[in-house]
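What follows is a set of notes on a single structure, which appears directly below.
The values are calculated or read from the model by the stated rules, or taken from the named source; none is laboratory data. Keep in mind it's a predicted model, so treat the numbers as computed, not measured. Every residue, glycine as well, gets a Cβ built from its backbone with ideal geometry; the counts of neighbours run over all protein chains shown. Just the protein is used for accessible areas: all its heavy atoms, side chains included, with ligands, DNA and RNA removed. Shrake-Rupley method; radii C 1.70, N 1.55, O 1.52, S 1.80 Å.
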Amino acid sequence: MLVKKKIPAITSYTSNPALATVKPDWKGTPLDEDGLFMNHEYPWKLDYVKIFRYLIHRNPQKEIKRHDTWRITVLKDDQWLTDPSDKIVWLGHVSFFIQLSGIRILIDPVYGKLPVGKRFSDMPVAPNKLLNIDYIIVSHAHYDHCDKNSLKLLTSNNPKAQILTGLKLDNLISQWTNNKIQTAGWYQQYQLESDLKITFLPSRHWANRTLFDDNTTLWGAFMIEKDGKRIYYGGDSAHGSHFSDVGDLFQGINVALIGAGAYAPAWFMGPMHQNPYDAVQAFHATGAKTFIPFHYGTFDSADEPLGEPQQILMKLEAEGKIENTLKILKLGEVFHC
């Protein structure tokens, strides 16, 4: 018989002693009584009862999804690969290409299919064209963010690229590549050779690869800073005060990449992902100038239709409920930052 796990409590804190912590008085990333990572604000563990309930529940939007023909637009023009200007390009689902002052960064590269679930959008660029990459950042261990085949291909083609990720995830990724890996706790800044700054930040989520290793590796978000520009990648996250904490700590964020999909049903998805309404509030909390949503349109990973997040965000924008700028990207579209 499966037994629901008890809610964890903070018993200790951890960090990478080789890295600087940027938030004053931050004790470190919290651990529970079993030495597992945990959210500092909303403790959560894998609940097998809820998983079973989710697998057998009836989706009230099933018929809408069955007849849904919406597909995200994909631009196949890859001339941006040779353009030296600062830019952000959405590659699909959670994957981004970022270039700042000639430094090339890939975020959560996932270029094939997931172990379960169909892919509904093509890649805007062939993965083997992603060359001269300086950094690959991986937010957490879930298969739709940390993909073995994608990382093996990219590191083979970019042997000098460093991988930046959360605590203990190097134990997994190092099995796939010989590239240098740095791991950080929340609010820790990686040691980089240039004046580029990348800081690992909290998100309200969890991590696993199997049913037996939940929260053994750390999940999180990233702040990328170069030449006065700040780009925030929120990773997978439910709503929480960490968004306003980031806004307080990093003033004048230029662009906030915030997930707005995989939110239905709320009773199951709510502790790990945001709906579009909460994503807008998270954007406002960061104080960022531009909001680029992601985590929709590529994989059918929840009850809502593929295009519902975008449709809701466009409606909120039309109603004047989004402060500053909402930028909905096509896959392969260049956003100059």
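Against the conditions (1) under 18 Å from the mean Cα position of the chain (by Cα); (2) open to solvent by less than 30 Å² (accessible area, probe 1.4 Å); (3) touching a residue at least 60 places away in the same chain (Cβ under 8 Å), residue 204 satisfies every one except (2). Looking only at residues of the range 174-216 that are assigned to a loop (DSSP other than H, G, I, E, B) and of a type in the set (Lys, Arg), we find that the one that is nearest to residue 17 (Cα to Cα) is 180. Restricting the search to the range 310-336, which residues are in contact with a Leu (Cβ under 6 Å, 6 or more places away or on another chain) and over 24 Å from residue 124 (Cα atoms)? Scanning the range 310-336 gives 317, 322. Of the set (1) touching a helix residue (DSSP H, G or I) at 6+ places or on another chain (Cβ under 9 Å); (2) outside any loop (DSSP other than H, G, I, E, B); (3) surrounded by fewer than 24 Cβ atoms within 10 Å (Cβ to Cβ); (4) not hydrophobic (A, V, I, L, M, F, W, C), all apply to residue 171 but (1). Determine if the range 217-240 includes at least one residue that is in a helix (DSSP H, G or I) and in contact (Cβ under 8 Å) with a residue 60 or more places away in the chain. Among the residues of the range 217-240, not one is in a helix (DSSP H, G or I) and in contact (Cβ under 8 Å) with a residue 60 or more places away in the chain, which makes the answer no.
No other residue among 148, 113, 180 is open to solvent by 10 Å² or more (accessible area, probe 1.4 Å), of a type in the set (D, E, K, R) and modelled with pLDDT under 95 apart from 113.
Restricting attention to the range 218-237 and to residues that are of a type in the set (Gly, Ala, Ser) and under 15 Å from residue 94 (Cβ atoms), the residue that is nearest to the chain's Cα centre (by Cα) turns out to be 235. Restricting the first member to the range 178-193 and to residues that are in contact (Cβ under 8 Å) with a residue 24 or more places away in the chain, and the second to residues that are open to solvent by 10 Å² or more (accessible area, probe 1.4 Å) and among the acidic types (Asp, Glu), the beta-carbon pairs closer than 7 Å and six or more apart or on different chains are 183/170. Taking the range 124-138 as the range and being open to solvent by less than 40 Å² (accessible area, probe 1.4 Å) and under 23 Å from residue 221 (Cα atoms) as the test, the residues that pass are 130, 133, 135, 136, 137, 138. Of the listed requirements (1) farther than 17 Å from residue 136 by Cα; (2) at pLDDT 95 or above, residue 212 misses just one: (2).
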